[in-house]
Structure formats: structure tokens, C-alpha cells
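The values are calculated or read from the model by the stated rules, or taken from the named source; none is laboratory data. Keep in mind it's a predicted model, so treat the numbers as computed, not measured. We work out accessible area using only protein heavy atoms, side chains counted, and drop any ligands, DNA or RNA first. Shrake-Rupley method; radii C 1.70, N 1.55, O 1.52, S 1.80 Å.
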Amino acid sequence: RAKGRRISPHAAFALGDATRLPLPDASVDVWCSAFMVRNVPDLDAALTEAYRVLRPGGRLVVLEIPKMEDGLLRPFARFHFTQVVPRLGRLITGHRSAYTYLPLSVDHFLTPREFTSRLADIGFEVTEVRLLMFGTVAMHVARKPLPGEPR
């Protein structure tokens, strides 16, 4: 919060259920999340709620670990997430369960292409999809259309 307020003194923060935000319709400029949406039990409800609270022209930014498309790097990424990450997580933090859960949550999430489609189905205009870390992290940027613009 302190960093956000240094960057923008008018920044406000809210804590709540992603599917029932304590915010009025069309009241925020940006809705962002990092490594959260794959853990929401009702993804469509959370994305619909993000759409509701964003003002027209507002941006949604999601940084997430997607399920990887089939390809050359997928077996290596799977090995990394299922074998290396849990061991490192336990070694560094002592919390093996959180890092054992990670590959399971990724396996049950969407590919970048599927997530893009889901955002479009809600009504967002997806303006950018950037794959990072050899495709193991995806950043989706989307915009709520202005009134009169096609959905």
C-alpha cells in the first residue's frame, strides 16, 4: 500500500472475495492480480466481477502460471514444477505443501489461449498476452470496451 500511494497518492486498495467485491459498478481504473486467479474456485464469477467494477476503458492485468501448451518445453516445465519446485520450496521455506499444491493448481488451470478466450467471452478486449520465463508465466492485459464499442 505504501508503495502504491507513493506512485499514486489517490490509489485505493480493497480486500474482499474476488467474486463479490465491495466496490460499486464501474468504479475502478485497473483490476490486477498476480498468481491468484488459478486459485479462485469460480473463475468466471471472478472475471465477471472484475468486468463489473471496471470503468469503461479500464484495464485488467493478470500475471499467472498457465497450463503449458503441448510442445518441446512442456516436459521440462512439468519436471521443474513437480520435482524441483516442491523440494526447493520445502528447503527454503519449510512449507512443502504449498509448493506441492503449485503443480496441481497449474494442471487444473487454463492455457494462455484458453484464458484469452475466457476473457473475451466475459466481454474484455484482450490487448496483450506476453509469455515470460520460457512460457511458464503469462501476462494477460485486457480492456473493458467503451460504450458503443463492440464486445
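Result for the chain in a Gaussian network model with C-alpha springs under 10 Å: among Leu60, Leu43, Leu104, the largest mean-square fluctuation is at Leu104.
Between Gly57 and Lys144, Leu146, the built amide H atoms are under 5 Å apart, and every one of these is 5 or more places off in sequence or on another chain.
Take every DSSP beta bridge with both residues inside the chain and express the antiparallel ones as a percent of the total, to the nearest 5.
Numbers: 13 of 19 bridges.
If I count the DSSP bridges inside the chain, around 70 percent turn out antiparallel.
By a 1.4 Å probe calculation restricted to protein chains, Lys144 has an accessible surface near 20 Å², given to the nearest 10.
At 1.4 Å probe size, with the rest of the protein present, what percent of the exposed accessible area of the chain is carbon and sulfur atoms?
Carbon and sulfur together cover 60 percent of it.
Taking only the Cα atoms of the chain, the radius of gyration and Dmax are 17.0, 54 Å. Using heavy atoms of the protein chains and a probe of 1.4 Å, the accessible area assigned to Met133 is about 130 Å². Extents of region 1-74, largest first, come to 46, 28, 23 Å (Cα atoms, principal axes, whole angstrom). Taking all protein chains together and rolling a 1.4 Å probe, Thr93 ends up with roughly 60 Å² accessible.
Considering only protein heavy atoms, what per residue accessible area in square angstrom results for the chain with a 1.4 angstrom probe?
Heavy-atom accessible area per residue stands at 63 Å².
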